[in-house]
Amino acid sequence: MTLTSTSFDAGGPIPTRFTCEGQGTSPQLGWTAPPPGTKSLALVVSDPDAPDPRAPQHTWVHWVLYDLPPSMRELPEGAKEPPVGARAGANDFKRTGWDGPCPPVGRHRYVYEIHALDTELPDLRNPTKADLEKAMAGHVLAKGELVGTYQKIGK
């Protein structure tokens with residue numbers, strides 16, 4: 001699967017409007033058709049460079065969505081609620097939904113991942129990324145990835 005965005009180029013900077021210094025809206029994301037046998041999709045967005053890209057200590061999670069319909073091909077810019085039938089998980093801000101890049105120092109990478117699964121997952125009750133990955137184990141048919149970067153103005 002290929003994951004793309006009309007909001008930013010692969011490997012390029014994420015515009016300020018999608019971050020804590022802007023409106024904080026989610027970027028547009030689109031993906032190619034998943035393989036046959038796909039029953040659901042899952043999306044995770046994380047920052048592997050937290051808190052400092054020169055000495056990363058952990059991966060900071062910005063968005064967790066699962067049970068997206070396999071017929072779905074995009075999330076529009078500014079998506080706030082999970083699409084009908086989909087479920088949201090907890091990000092590391094202790095909320096559900098999108099929370100944009102807000103790195104304390106340096107230029108961070110933001111990794112967007114879409115997973116095609118051979119099953120619909122049960123209600124995981126606000127799962128973390130780790131909970132979702134555990135539930136997806138053995139069910140991933142394909143994966144797409146898109147990376148963008150962001151550095152706060154003047155940092």
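The values are calculated or read from the model by the stated rules, or taken from the named source; none is laboratory data. All values derive from a computational prediction rather than experimental measurement. A quick note on method: Cβ atoms are made from the backbone with ideal geometry, for glycine too, and the neighbour counts reach across all protein chains shown. Side chains included, ligands, DNA and RNA excluded: accessible areas come from the protein's heavy atoms. Shrake-Rupley method; radii C 1.70, N 1.55, O 1.52, S 1.80 Å.
Structure notes:
- Which numbered condition Tyr66 misses (of (1) closer than 16 Å to Gly148 by Cα; (2) aromatic (Phe, Trp, Tyr); (3) outside any loop (DSSP other than H, G, I, E, B)): (1)
- For first residues located in the stretch 125-149 and touching a residue at least 24 places away in the same chain (Cβ under 8 Å) and open to solvent by 20 Å² or more (accessible area, probe 1.4 Å), partners that are assigned to a strand (DSSP E or B) and of a type in the set (Asp, Glu) and lie 6+ apart or on another chain with Cβ distances below 9 Å form the pairs Lys143/Glu113; Glu145/Glu113.
- The residue pairs whose first member lies in the stretch 71-91 and is on the phi < 0 side of the Ramachandran plot and surrounded by 14 or more Cβ atoms within 10 Å (Cβ to Cβ), whose second member is part of a loop (DSSP other than H, G, I, E, B) and among the small types (Gly, Ala, Ser), and whose beta carbons are closer than 8 Å, counting only pairs six or more residues apart or on different chains, are Leu75/Ser26; Glu77/Ser7; Glu77/Ser26; Ala79/Ser26; Ala88/Gly97; Asn91/Gly97.
- Test result for Met1, without any contact (Cβ under 8 Å) to a residue 40 or more places away in the chain, open to solvent by 20 Å² or more (accessible area, probe 1.4 Å) and not aromatic (Phe, Trp, Tyr): no
- For the stretch 20-59, filtered to residues that are of a type in the set (Asp, Glu) and part of a loop (DSSP other than H, G, I, E, B), the residue that is surrounded by the most Cβ atoms within 10 Å (Cβ to Cβ) is Glu21.
- Inside the stretch 94-103, residues that are open to solvent by 20 Å² or more (accessible area, probe 1.4 Å) and touching a strand residue (DSSP E or B) at 6+ places or on another chain (Cβ under 8 Å) make up a count of 3.
- Test: Gly11 is touching a Ser or Thr at 6+ places or on another chain (Cβ under 6 Å) and either surrounded by fewer than 21 Cβ atoms within 10 Å (Cβ to Cβ) or assigned to a loop (DSSP other than H, G, I, E, B) (or both): no
- The stretch 47-70 - residue that is of a type in the set (A, V, I, L, M) and without any contact (Cβ under 8 Å) to a residue 40 or more places away in the chain and, of those, nearest to Pro127 (Cα to Cα): Leu65
- Failed item, numbered, when Leu117 is tested on (1) more than 16 Å from Leu146 (Cα to Cα); (2) open to solvent by 70 Å² or more (accessible area, probe 1.4 Å): (2)
- Arg109 falls short on exactly one of the conditions (1) on the phi > 0 side of the Ramachandran plot; (2) open to solvent by 40 Å² or more (accessible area, probe 1.4 Å); (3) not aliphatic (A, V, I, L, M), and that condition is (1).
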